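Asker: Have a look at this one before I ask anything.
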Amino acid sequence: MRSLSRSKSSGFLDPQRGPMLTPRFIAALVLVVLGVAWIAYYYLAVRVDPTVFPEPKPGQPGFMADLKNWNYAIGLGAVMVGLFVAAHPSTPLGRNRGVVITMLSCFLIGLIWICTYYVFTGTHLDKIPVFNDLGQYNLMVGIAFMAVGFSYATRWE
């Protein structure tokens, strides 16, 4: 009885739903945040703007400049793996309402990503950050979000 009252006082542990912060969930959050940060840093600090003449030197670190568009694969891959890792029942996103919310969110993000690409593909795609560098690979990004959504759909009860 004593352990039950102690667990109810803790905001991070709900005896009916399980713990909120598990090592798996923390690892998933770190992967998602690092993936977004990787893409943002590459796009804002390292990437060379192809419309500027004469072309400036790429930013630092040099290895990121050498990777060019592979930086998007690294960043988006980390985001997708982080979301996939969070689909486990030991995390809040992998059980109960978290499954449905994350599944629908991934489906919607994928759909919006693909629709945005198709709507702006003609003349205005060069003005949208990240979309302008990815080109046709935008379709793969949208489909990847939907695939992660399907991984959550397998957990839905």
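Asker: Return one number: the angle in degrees, 0 to 90 and rounded to the nearest 10, between the long axis of the Cα atoms of helix 137-153 and the longest principal axis of the Cα atoms of the chain.
Answerer: Helix 137-153 sits roughly 10 degrees off the main axis of the chain.
Asker: Here is a follow-up. Pairing the Cα long axis of helix 23-41 with the longest principal axis of the chain, what angle in degrees results, from 0 to 90 and rounded to the nearest 10?
Answerer: Taking Cα atoms only, the helix is inclined about 20 degrees.
Asker: Give the angle, between 0 and 90 degrees and rounded to the nearest 10, that separates the Cα long axis of helix 97-120 from the longest principal axis of the Cα atoms of the chain.
Answerer: Roughly 10 degrees, rounded to the nearest 10.
Asker: In whole Å, what is the distance between the alpha-carbon centres of segment 97-157 and segment 25-69?
Answerer: Segment 97-157 and segment 25-69 have Cα centres spaced 20 Å from each other.
Asker: With +1 on the Cβ of every Lys and Arg and -1 on the Cβ of every Asp and Glu, and nothing else charged, how large is the dipole of the chain about its Cα centre, in debye rounded to the nearest 20?
Answerer: Rounded to the nearest 20 debye, it is 860 debye.
Asker: I need the Kirkwood Rh of segment 13-126: take the reciprocal of the average 1/r across all distinct C-alpha pairs and report it in angstrom.
Answerer: Computed over Cα pairs of segment 13-126, the Kirkwood hydrodynamic radius comes out at 16.5 Å.
Asker: If you don't mind, there's one more thing I want to ask. Ranked from highest to lowest mean number of other Cβ atoms within 10 Å per residue, what is the order of the peptides 114-121, 135-142, 84-91?
Answerer: The packing order, highest mean first, is 84-91, 135-142, 114-121.
Each reported figure results from applying straightforward, stated rules to the coordinates on display, with no laboratory input. Every value quoted in this text rests on a predicted model; they were computed, and no experiment measured them. Heads up, the Cβs are rebuilt from the backbone with ideal geometry, glycines too, and the neighbour counts pull from every protein chain shown.
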